[in-house]
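Structure, as structure tokens:
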Amino acid sequence: MKPISHTLILILLAFLGAALLSCSIQIVDRGSIKSSERMRGVYHRVKSGETLWRISKAYNVDLQELAEINNITDASRISAGSVVFIPDAPRVIDLPPAKPPVETKPAVVKKTEKPAATRVEPEAGRAGSESTGAAAGGLAAGGSSKVKEESITDRTAATKADGGPASPKPPEKTTDRPVETSRKTDPGKTQVAVKTPEPAPTVKTPESGTKERAPVTPPPKKPEPVSRAEEPHGQIKVDKGRFAWPVKGPVITRFGIQPSGMKYNGIKIAAKEGSPVQAAAAGTIIYASYVKGYGETVIVKHDENYTTVYGYLKGSVAKKDDRVRKGEKIASVGPPEEPGGEPHLYFEIREKNKARNPQFFLP
């Protein structure tokens, strides 16, 4: 039984090793180097008012995937009449028209009318010159309507030389303090000396306080800007500059859906045969060998689960497990894919083994 058990163990180990080897070959050769694949889906013609965000929600497709497969870096810049490929969609959906923006009108602020000023009439004063002097004195003392107290000068009758009535004198300031007087005796005549009273402090009455406090009108509020409920456009992630161009030249085949309906998982960059091919970012070489249909191929593993693929090479200087720096030469551009064709570099960027649009990462 022991020899049989040992044989079974060897068979199992051999089977597991073959399975692991086939998985690794599938990941490296068939997964990472699969340049194109046929995609199921439909073409949606964009109508006026439609955004890529609305289209992605209507078809239940990830906005980032939809943008990359159609080479759209700005979700708000799709024009009416353009065509967007919707992967895995069974039929075309007619989107409902977008809701018009809602305008919020600012509140109208009514001006506060000023109340009519109340005229305060002075109290009825004394008759004759007493009432005239008291009213004039009250107005001169700060607009108070209170009638001032009488002084000795108000009782002194002023006469002119011709015996006529004296013209009224200017009102004098009154005081609440007692007036001091002194009399001097002259033969045949009596003179009265009057001490000028000190000015009395202004006393505010309820009427004067009401008059002094003018109604304050609050300044009108500035109208708030009209707010519009705009439809969101969604967020497309573009990480320009994460990777460098591996070779100088124009892009002759773009990532995504091609006119033939095939999805291309990388880009083709035209370059002269023998042009240096550089590592797009620092990393470790995990594959450097020949692949049928792609010639010499190099795969570099980078941080954050990114890998880059370089195909149609020649004169590779990179070896497996080598550590390379960003911009370091790893190979040269090989001969054209087909006789008489244009030499080019096939280039991919993958995240967790999923093909990403390189032009979303290249500067």
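Nothing in this text is a laboratory measurement; each read-out follows from the coordinates by a stated rule. Everything numeric here is computed off the predicted structure, so don't read it as measured data. As a convention, Cβ positions derive from the backbone with ideal geometry for all residues, glycine included, and neighbour counts pool all protein chains shown.
Take the residue pairs K240/K263; K263/K329; K240/K352 and return only those whose Cα atoms are more than 26 Å apart.
Listed pairs above 26 Å: K263/K329.
At a threshold of 8 angstrom on Cα-Cα distance, excluding pairs fewer than six apart, so keeping six or more, what relative contact order does region 240-363 reach in percent?
32 percent
What is the local net charge at V92, summed over the other residues whose Cβ is closer than 14 Å to its Cβ (Lys, Arg +1; Asp, Glu -1)? Don't skip to the answer; put the middle values down first.
Values: positive: R40, R45, K47, R91; negative: E50, D88, D94.
Neighbourhood net charge equals +1.
Amide H to amide H, which residues 5 or more places from V277 or on other chains are under 5 Å from it, using H placed in the peptide plane?
I330, A331, S332, V333
Quick one: what Rg and Dmax do you get for region 240-363 from the alpha carbons, in Å?
13.4, 40
Can you find, among W245, F360, N265, the residue farthest towards the positive end of the dipole of region 240-363? Put +1 on the C-beta of Lys and Arg, -1 on that of Asp and Glu.
My answer, from the dipole projection, is F360.
Once both labels are modelled 7 Å past Cα along the beta-carbon direction, what's the E304-K354 spacing in nm?
1.5 nm
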